[in-house]
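Let me begin by presenting the structure, written as structure tokens, before commenting on it.
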Amino acid sequence: MKNPDQTRREFIKNNALAVAGAAFAASLPTTLYASPKSASPAILGGDPSWSVAKWPKWPRWNPETDEKKLLEVMRSGVWSRAEVVTEFEEAWADALGAKRSLAVVNGTNALVTAISQFNIQAGDEVLVPPYTFIATVSAVLTNGAMPVFVDIDPLTYQMDPAKIEAKITPRTKAIIPVHILGLPADMDKIMAIAKKHNLIVIEDACQAHLAEIDHRKVGTIGHAGCFSFQNSKNLPIGEGGAVVSNDDAFIDRCFSYTNFGNPYGSAVGAVGAGAMMQGTKLRFSEYQAAVGLAQLKRLDSETTTRNENATYLKSQIKDIPGIVPYKLYDNVTRAAFHLFPFRYKQEDFKGLSRADFLKALSAEGVPCSSGYTTLNTQPFLNETFKSKGFKNSFAKDALDIKNYNEKNKCPENNLLCSEAVWFTQNMILGTKSDMDDIATAIEKIHKNAEKIKNLSKK
Ligand SMILES: *Cc1c(COP(=O)(O)O)cnc(C)c1O
């Protein structure tokens, strides 16, 4: 059998040569016939490679099974936290192989809860990667602690374990590795460093549902793991989150914290004394749990599809000069691919800027984005450092933004933020031929980079 890459390339080549007249064309099936226009980038007037209408919609649900569950909750009249939430928590813990799972309002507050219940607070420092969603960092700040940025591994985009120890000070209490884009962080090395320095590890697995390292699910490797069920995430509920852990006493405290500080399980107060600790209210509802249970049924097979398509798409684009796909660590047995990322090197595209490449790719019907900007330099950090709470808990030097920026430089992340290109997870739920079309679109742009660049100059 021919390798699919070759077949596809031949197909493109043949079609590029297909200048046969319309009379022939009329007798050919439309799927086989392609005009010379298909070889030309859409932004230069050619046919788009793909169509927005073709990508799988997100979120998706099965009306027959999923809507029934939701209606049952409505008709029961029990809408606040009760049995369906417990059922969802048990199912989520089971899916991960975790002892316990606590559902909360969202991923951000799963992180806030976990950080607070490991007693991380004002005056403490927490190590975070710069390549992440803002919520990782705001959850640290919400607890009055200081985020300290550890630069990324340029190949995997994850927090680089080799750069962690240089950032540890006597104030450091925890590390928050983020399995960003759904690609697992280097947990073995991170756990070893944490053990040596007696640090807590909270995994931000908000993008990494069912991702695995050596067949262990991420989120269950550190002291706690946090998940998000926001609409765009691989397990979408609209809003929602979970803290998972094998530590019963910790999850009991988290439960109590998210329920006004009322006693729960091993987290007990004096008899009849009411709330036993300062808490808040972050409870999940029965409706959300019903949607979550329905979504969870599809998550495993969808994760398999994403892995298959991502691996295939990577193999189809990796040899295009200027396209450098993500790398997974050797011990990764499954990724979640919340996003499909690669680096774009404009020098291999005749100097065509990333912004213009993204425009040309969008014109092909392939939605794409440039991803994160540099989080470690954003103004919200300085604004927080000017607050009374921070001024009371940290030395003046530590809050000086020039000092802070100097200490928190992340050159690898700066470069990644300037080169990254992302496809969203629903795009890799399509078919293999959709992946071929994405690769074809990129190839077309590569071949015509000079012309496209000149177009944007006009
Ligand atoms: C989505 C996300 C969060 C926050 O989750 P929400 O449910 O949106 O609050 C935190 N960290 C990362 C890495 C995320 O992607």
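The values are calculated or read from the model by the stated rules, or taken from the named source; none is laboratory data. Small disclaimer: the values here were computed from a predicted structure and weren't measured. Cβ sites come from the backbone with ideal geometry, for glycine too, and all protein chains shown count toward neighbours. Just the protein is used for accessible areas: all its heavy atoms, side chains included, with ligands, DNA and RNA removed. Shrake-Rupley method; radii C 1.70, N 1.55, O 1.52, S 1.80 Å.
Observations
- Structure-based [θ]222 nm, the chain - -39500 (n - 2.57) summed over DSSP H runs of at least 4, per residue, nearest 500: -12500 deg cm²/dmol
- Relative intensity of region 102-211 on a log10 scale, I(q)/I(0) at q = 0.13, 0.20, 0.21 Å⁻¹, equals -0.41, -1.03, -1.15, per a Debye sum over C-alpha point scatterers of equal strength in the absence of solvent.
- Region 123-178: antiparallel DSSP beta bridges as a percent of all, rounded to 5: 10 percent
- Sequence of 264, 344 when ordered by accessible area, the most exposed leading, probe 1.4 angstrom: 264, 344
- Alpha-carbon centroids, region 392-458 and region 141-208: separation in whole Å: 21 Å
- Most to least packed among 163-173, 348-358 [average Cβ atoms within 10 Å]: 348-358, 163-173
- If you sort the three axes of the alpha carbon gyration tensor as a ≥ b ≥ c, you get a/c of 1.5 or more for region 44-149 and a/b no higher than b/c, which makes it oblate.
- Per residue, region 187-247 exposes an accessible area of 32 Å² to a 1.4 Å probe, with every protein chain left in place.
- Estimated vicinal HN-Hα couplings, Hz - region 294-306 in sequence order (Karplus 6.51, -1.76, 1.60; Gly, Pro = x): 5, 5, 4, 4, 9, 4, 5, 5, 5, 5, 4, 4, 4
- Between residue 378 and residue 350, the distance separating the two model label sites (each 7 Å from Cα on the Cα→Cβ line) works out to 3.7 nm.
- Region 327-406: C-alpha gyration tensor shape, a/c 1.5 cut-off, then a/b vs b/c: prolate
- Along its three principal directions, the equivalent ellipsoid of region 63-295 from the Cα gyration tensor extends over semi-axes of 30, 22, 14 Å, largest first.
- Listed peptides 417-425, 180-188, 276-284 by packing density, highest first (mean Cβ within 10 Å): 180-188, 417-425, 276-284
- For residue 196, the aspartates and glutamates whose Cα falls under 15 Å of its own Cα, not counting residues fewer than eight places away in the same chain, are 165, 188.
- Sorting 407, 217 by accessible area puts them as 407, 217; the probe is 1.4 Å, largest comes first, and only protein heavy atoms count.
- For residue 160, the accessible area of its heavy atoms, probed at 1.4 Å with every protein chain present, is near 20 square angstrom.
- Computed over protein heavy atoms with a 1.4 Å probe, the carbon and sulfur contribution to the accessible area of region 63-295 reaches 54%.
- Counted by Cβ distance under 9 Å from residue 152, the other residues give a net charge of -3, where Lys and Arg count +1 and Asp and Glu count -1.
- Distance histogram for the chain (every C-alpha pair counted, 10 angstrom bins, percent rounded to whole numbers): 4, 19, 26, 23, 16, 8, 3, 1, 0
- Exposure ranking of 440, 142 by accessible area [1.4 Å probe, largest first]: 142, 440
- Here the Karplus relation 6.51 cos²θ - 1.76 cosθ + 1.60, evaluated at θ = phi - 60°, turns the backbone of region 205-218 into coupling constants of 9, 4, 10, 10, 4, 6, 5, 9, 10, 6, 6, 9, 5, 5 Hz, with x for every Gly and Pro.
- Bridgeable lysines around residue 388 (alpha carbons under 24 Å apart, same-chain partners fewer than 8 residues away excluded): 173, 396, 402, 407.
- Protein heavy-atom accessible surface, 1.4 Å probe, per residue over region 403-458: 44 Å².
- Shape category assigned to region 199-256 from the gyration tensor of Cα positions, a/c cut at 1.5: oblate
- A crude spin-label estimate for the pair residue 391 and residue 119, with each label 7 Å from Cα along the Cβ direction, gives 3.0 nm.
- Backbone amide hydrogens, once placed in the peptide plane, bring residue 172 within less than 5 Å of 125, excluding anything fewer than 5 places away on its chain.
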